[in-house]
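Visitor: Below: one structure in structure tokens.
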Amino acid sequence: MSTQQQQKTEPAITPEIVAEHGLTPDEYQRVLDILGRTPNLTELGIFSVMWSEHCSYKSSKKWLKTLPTTAPWVIQGPGENAGVVDIGDGLAAVFKMESHNHPSFIEPYQGAATGVGGILRDVFTMGARPVANLNALRFGAPDHPKTRHLVSGVVAGIGGYGNCVGVPTVGGEVDFHPDYNGNILVNAMTVGVAPADRIFYSKASGVGNPVVYVGSRTGRDGIHGATMASAEFSADSEEKRPTVQVGDPFTEKLLIEACLELMATDAIVAIQDMGAAGLTSSSFEMASKGGLGVELTLDRVPMREDGMTPYELMLSESQERMLMVLQPGKEAMAEAVFRKWDLDFAIIGRLTDTGRMVLTWHGETVADLPIDPLAEAAPEYDRPWAPTPHQPVVIADDVPVLPWTEALVALMGGPDLSSRRWIWEQYDHMVMGDTVQRPGGDAAVVRLHGTDRGLAMTTDCTPRYVRADPVTGGRQAVAEAYRNLTAVGARPLAVTDNMNFGNPEKPVIMGQFVGACRGLGEACAALDMPVVSGNVSLYNETEGRAIPSTPTIGAIGILDDLDRMATVGFKAAGEAVIVIGETAAMRAGGGWVGQSLYLRDLCGREEGAPPPVDLEHERRVGETVRGLIQAGRVSACHDVSDGGLLVAVAEMALAGGLGVTLDLAPATAALFGEDQGRYVVTVPAEAADAVLSDLGDLARRIGTTGGEAVAIGGEAVPLADLRAAHEGFFPALMGDEIVAS
Amino acid sequence: MNSAVIVFPGSNCDRDVAVTLADVTGRAPVMHWHGDPDLPDDLDLIVIPGGFSHGDYLRCGAMAAHAAAMAGVRRAADRGVAILGICNGFQVLCESHLLPGALMRNRDLRFICRDVHLRVETTDTMFTAGYAPAQVIRLPIAHHDGNYVADLPTQCALEDEDRIVFRYCDAGGKVTETANPNGSLDNIAGILSESRTVLGLMPHPERLADPRLGGTDGRALFVSVMEALS
Amino acid sequence: MKARVHVTLKAGVLDPQGKAIAHALHALGFDGVRDARQGKVIELDLEDDDPEAARARIDDMCRQLLANTVIETYRIEL
Amino acid sequence: MKARVHVTLKAGVLDPQGKAIAHALHALGFDGVRDARQGKVIELDLEDDDPEAARARIDDMCRQLLANTVIETYRIEL
Ligand SMILES: Nc1ncnc2c1ncn2[C@@H]1O[C@H](COP(=O)(O)OP(=O)(O)O)[C@@H](O)[C@H]1O
Ligand SMILES: [Mg+2]
């Protein structure tokens, strides 16, 4: 198609077209002010993606700015493709989490797969070799007609991509709740490792330097994906289906190897993956960060389909593509590397000093936009928000008492606490030969290749706490991540956050967001885990009903000596079982039942204030536990979270294949209350007294390992029964669901 | 002992097995690019590693079987050089007809990554001489297409010629249907060529060859080869 | 009664397998392969014997299970 | 020129995908599916225009790459 034809067929810009592009009349007026003329369709498309919620963070920016982001070990905080922290010995960990919620609901296999592909690119763009993937998943009720299909497709998609690329998927979390029925969450996290002094950034520099496109060809994939991720879901969203992208993990693997090979040279000035909003946001951001202009010759972009237009090229979300600025004269060498890996390579433009983005198509200018004004004028909203009303504290005595044996089996075999083996066995969690702690424990541990040190990693959030009290829930998500890292003996370093919320234009939802940010921020500050990267996904609603607010936290920590790593399972019979971290207030209160799984799943009451999180206490207990692990004084360690103390102990028993006799009164609130800031450890019998006397009031012995059951008083649940319930849930749910591929 | 690991686009256990080889033999293997037909001629062992060569598109191992380097592997095999195909490597060897049969999609259609028990069915090979006869070992599998099939004459030949090296079994060494993770014919997890110098297996011995990773049952395989060849 | 369902990717949807096949054919020296796409065929052996009823049922099967209508189209052959 | 290659499992080779499909159809309430088998179709877009020469070339492609003749058969459609 000739340029003229193409421009002739371009529609005139009407208010409808503006609205279809997700721009408000106000925002469109700003476009007119900046340009001093009417934009053409390509230009309008560029504005629409750059100013979408997804790319501009217009509703969330104000609050994200309040999060703590610095520490002496932070090399790069938010603002780049991923966060970077110094992990010693000249190495840096590079990590981030990102959502792919809407695409995964529409096409679970490809949606989840391309989510993994996208987050991997964010990490290797910065020069890091990806060493681990994690995923935090939220599905609707297990018995909802769509759930099985979604679980099957999402899990197969995550595995299909990660397994092929050869990066182990080592951890994550899964929740079910009916309020995710129409809007599931798929949050994917990648952790990579790079030499600390060879991190690559997206800031362009050097007027005249070539702008180079590498990777897969551009097709009409996911055009409008970024705007789709910013608009509320409606029942007719089925029609948006053809916009889902198909991932090609094989090409991604080649892209990783080729990029890392080129990164070992001095050819690259700046590099940026093409994620949401593809070529538009990658070129725009590189130029904008460098305070430069950019000129792109769009007809040089490698294309997969005939008849593509500049509009489509700029908005396509085809996967497995990267944009780079090279040192002059390095083009041939770079091209040879990409050709060796069978990847497309094209010089599509150059940097200029005009401060403008100029796009040409067969010799004609098809867009000409000022970069700084567009970036600076990006809308930023201070949306009205309403604080979340406080929930009453649920009185323990008001909660129905079920026999503890039945309650334990029901919880351990229920949707939220049952074993996730069915999921993680579909993920290659061992490839790369460094997985020291596989899925199933508190945090996964991946050895730093060729050393005796390890990175620990986890994802955590308890959405029912957040919904009931976003400040407490925000704190708790960080505190639980801190605890999971601590429980393996790691020193927590930093977090990435993935904020999944409903429609921010509703004050109640915005209030949840504001509260969660406050809680996260307080916890990150108190626990010395700055936020180094993150992602915001808003408008997670179906027919006006919002998901439970879900600020997922991904966190990493460092283990300086893998010989001093703790695991969950009981190790030997006759050892002392000790709970660490109970406060006098907890003892006096008898156990916090509000928002507990016991109350929700067994009594059908999702209510009350969530357990408070005392950050100072959290830190003190965490340091104590880490000290014990690092001193080699405990033989197993597990934090107490969902389900409470008895569930934690039962998980340790199952993991070790060894029973336990507890010296506790079988009081419901004490056994199943979800008071925070607690760990359970085991200590060899002869060393128990010393540990107890060292810890004083912070620790209490609650039992002894041994036997083949979890026993309290005269009653016992055989481990075999517990295991059958625990391992049985997922296979029973998913049994004959056909596998997506 | 001199070894080489063939690297295809999409191989992803190449480094893992190289680490094990370097550790066991004290000498790093040559990492040999798939497009190069000329393998070093002093090799004692060639490993075709796990992964997703060419994305496992079309059929696992089908495209890799035609790589230039595979011509070199074939020549080396004819000379009696030991060849070890692990997981995707096993699939490549079947597609190259260096081993008989084929590997199809797992019975339950899902990718499976877990430790399995294997019974050592023969120790009459340089790969398993270091194990005890009928020893039960634990190794990880991680595959989508490990369901071994072969026609009846092939199956009989494998059996009669003592060329079945590993079978999936339970912890006690019993070869049962429930211990079969992928539907493989006769619980077959690994087989030999007629010459007994080419071994293909689905489980990953290199993944449990380091105590830090939770076990060392795979290490004996590499030690056996090294002892047989040096 | 035998029936065949042909499932193919919609036009414009990336087909990594097809791409790889074309590439591999080229590498094997088969020139002149402009493009390759891979689809699947599902052969069903049905108890039905009324073609019209069967077609309607198979159409249901396709939409519910055999084809992923987000990215694939299907064609029924009786 | 367009060509289609149909690759199917040989009779007697157990087809896990087909079996799963039959099972899943049954679970969805579609009775009377006696059997299901899954095969592949590879659509080629070729520069050739002589059907006879093309057929011979495609036959080569099948034997070398597109089908695994240990377990599969193929049929070429021009
Ligand atoms: N989607 C998933 N992918 C991989 N591993 C998972 C997934 N969900 C849960 N797991 C693993 O299962 C174990 C239990 O998860 P969870 O109950 O969320 O742990 P915790 O309560 O300690 O945070 C962890 O090791 C976790 O990494
Ligand atoms: Mg935990």
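The values are calculated or read from the model by the stated rules, or taken from the named source; none is laboratory data. Owing to the predicted nature of the structure, the values given are computational and were not obtained by experimental measurement. All Cβ positions, glycine included, derive from the backbone under ideal geometry; neighbour counts span all protein chains shown.
Visitor: Restricting to segment A:512-545, give me the number of residues that are among the aromatic types (F, W, Y), under 25 Å from A:L615 (Cα atoms) and in a loop (DSSP other than H, G, I, E, B).
Guide: Result for segment A:512-545: 0.
Visitor: Hey, could you check segment D:8-32 for residues that are more than 9 Å from chain C (Cβ to nearest Cβ) and more than 18 Å from the chain's Cα centre (by Cα) and say which is surrounded by the fewest Cβ atoms within 10 Å (Cβ to Cβ)?
Guide: Residue satisfying both the conditions and the ranking: D:G29.
Visitor: May I pose another question? Filter the helices (runs of 4 or more DSSP H) completely within segment A:397-498 down to those with at least 1 residues that are more than 16 Å from ligand 2 (Cβ to nearest atom) and within 14 Å of chain B (Cβ to nearest Cβ).
Guide: A:421-424
Visitor: OK, next. Output the residue which, of all residues in segment B:59-73 that are assigned to a loop (DSSP other than H, G, I, E, B) and of a type in the set (A, V, I, L, M), is nearest to the other protein chains (Cβ to nearest Cβ).
Guide: B:M63
Visitor: Residues that are within 16 Å of ligand 1 (Cβ to nearest atom) and either under 21 Å from A:D434 (Cβ atoms) or in contact (Cβ under 8 Å) with a residue 40 or more places away in the chain (or both): find the strands (runs of 3 or more DSSP E) completely inside segment A:76-185 holding 3 or more of those. Please lay out each step first, then the result.
Guide: Details: elements: A:83-88, A:91-99, A:129-139, A:169-176.
It comes to A:91-99, A:129-139, A:169-176.
Visitor: From the set of residues in segment A:658-681 that are within 12 Å of ligand 2 (Cβ to nearest atom) and assigned to a strand (DSSP E or B), which is nearest to A:L719 (Cα to Cα)?
Guide: Only one residue fits best here, namely A:V680.
Visitor: Looking at this structure, is C:K2 more than 7 Å from every other protein chain (Cβ to nearest Cβ) and either on the phi < 0 side of the Ramachandran plot or at pLDDT 95 or above (or both)?
Guide: yes
Visitor: Let me ask something else. Out of A:V436, A:V399, which single residue is farther than 30 Å from A:P612 by Cα, of a type in the set (V, I, T) and crowded, with 20+ Cβ neighbours inside 10 Å?
Guide: Exactly one of A:V436, A:V399 is farther than 30 Å from A:P612 by Cα, of a type in the set (V, I, T) and crowded, with 20+ Cβ neighbours inside 10 Å, namely A:V436.
Visitor: Still on this structure, please answer the following. Looking only at segment A:454-495, count every residue that is farther than 23 Å from A:V621 by Cα and hydroxyl-bearing (S, T, Y) and tell me the total.
Guide: The total comes to 0.
Visitor: Which ones in segment A:637-657 are more than 9 Å from ligand 2 (Cβ to nearest atom), in contact with a helix residue (DSSP H, G or I) (Cβ under 8 Å, 6 or more places away or on another chain) and among the aliphatic types (A, V, I, L, M)?
Guide: A:L645, A:L646, A:V647, A:A650, A:A653, A:L654
For (1) among the aliphatic types (A, V, I, L, M); (2) surrounded by 18 or more Cβ atoms within 10 Å (Cβ to Cβ); (3) away from chain D (no Cβ under 12 Å); (4) in a helix (DSSP H, G or I), each residue gets a yes or a no:
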{"position": "C:R34", "(1), (2), (3), (4)": "no, no, no, no"}
{"position": "C:V41", "(1), (2), (3), (4)": "yes, yes, no, no"}
{"position": "C:E52", "(1), (2), (3), (4)": "no, no, yes, yes"}
{"position": "C:D59", "(1), (2), (3), (4)": "no, no, no, yes"}
